[in-house]
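The values are calculated or read from the model by the stated rules, or taken from the named source; none is laboratory data. Since the structure is predicted, the reported quantities are computational estimates derived from the model, not experimental observations. Using ideal geometry, Cβ is built from the backbone for each residue, glycine included, and neighbour counts are taken over all protein chains shown.
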Amino acid sequence: MEINIRPASEEDFPAILSLIKELAEYEKAPGKVTNTVAQMKNEKDLFRCFVAETGNGDIVGMALYFFAYYTWVGKSLYLDDIYVKKEFRQNKIGSALLKRIFEVAEYEHCKRVRWQVLNWNKPAIEVYRKCGAEIDDEWLNCSFDEKGISDYNETVR
């Protein structure tokens with residue numbers, strides 16, 4: 001199978017958003033995706049993405065990332081999502097996407113690459129362990145959605 005891993009362009013945003021929605025379905029959270037193509041276009045300077053494209057131009061996978069700064073180590077790459085369509089898995093596409101992420105991290109002199117995996121996603125956990133990732137079970141995620149941000153600000157004013 002011929003697969004090309006390339007940087008995403010703005011024209012790829014509809015396909016990327018479709019993959020994001022598929023991932024949300026897989027992660028049992030389809031209603032959580034509020035992003036839109038228009039929003040992605042407005043915020044395109046905040047993220048980067050690689051897409052996996054078949055020989056006929058179909059986008060079947062993606063790795064979306066951004067740069068972050070962690071106080072303990074400095075410049076880091078945060079891999080927000082990596083996803084390959086179900087029917088294209090087991091073809092090393094995810095590994096090829098991950099390889100490109102690590103190439104970028106090295107080129108950009110990042111001190112850390114970080115991402116999250118759901119604790120029930122055993123196939124992904126095994127892949128990440130095989131490639132040498134440290135999987136931390138000590139830290140918990142804390143997050144606020146847009147309404148939560150507004151509500152918090154109202155309570156502290």
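The number of residues in the range 97-110 that are exposed (fewer than 14 other Cβ atoms within 10 Å of the Cβ), in a loop (DSSP other than H, G, I, E, B) and either under 12 Å from the mean Cα position of the chain (by Cα) or not charged (D, E, K, R) (or both) comes to 1.
Condition first: in contact with an Asp or Glu (Cβ under 7 Å, 6 or more places away or on another chain) and basic (Lys, Arg). Can you find one or more residues in the range 6-20 that meet it? Yes - at least one qualifying residue is present in the range 6-20. Which one of these does residue 135 not meet: (1) among the β-branched types (Val, Ile, Thr); (2) within 16 Å of the chain's Cα centre (by Cα); (3) outside any helix (DSSP H, G or I)? Of everything listed in (1) among the β-branched types (Val, Ile, Thr); (2) within 16 Å of the chain's Cα centre (by Cα); (3) outside any helix (DSSP H, G or I), residue 135 misses just condition (2). May I ask you to verify whether residue 113 is within 14 Å of the chain's Cα centre (by Cα), part of a loop (DSSP other than H, G, I, E, B), surrounded by 14 or more Cβ atoms within 10 Å (Cβ to Cβ) and in contact (Cβ under 8 Å) with a residue 12 or more places away in the chain? When the stated conditions are applied, residue 113 does not pass them. The condition of being over 18 Å from residue 80 (Cα atoms) and either among the β-branched types (Val, Ile, Thr) or free of Cβ contacts under 8 Å to residues at least 40 places away in the same chain (or both) holds for only one of 125, 149, that being 149.
For residue 146, the test of being under 20 Å from residue 20 (Cα atoms), exposed (fewer than 11 other Cβ atoms within 10 Å of the Cβ) and at pLDDT below 95 is passed. In the set 50, 66, only one residue is in contact (Cβ under 8 Å) with a residue 12 or more places away in the chain and in contact with a Lys or Arg (Cβ under 6 Å, 6 or more places away or on another chain); that residue is 50. Among the residues of the range 80-118, just one is under 20 Å from residue 130 (Cβ atoms), at pLDDT 95 or above and hydroxyl-bearing (Ser, Thr, Tyr), namely 83.
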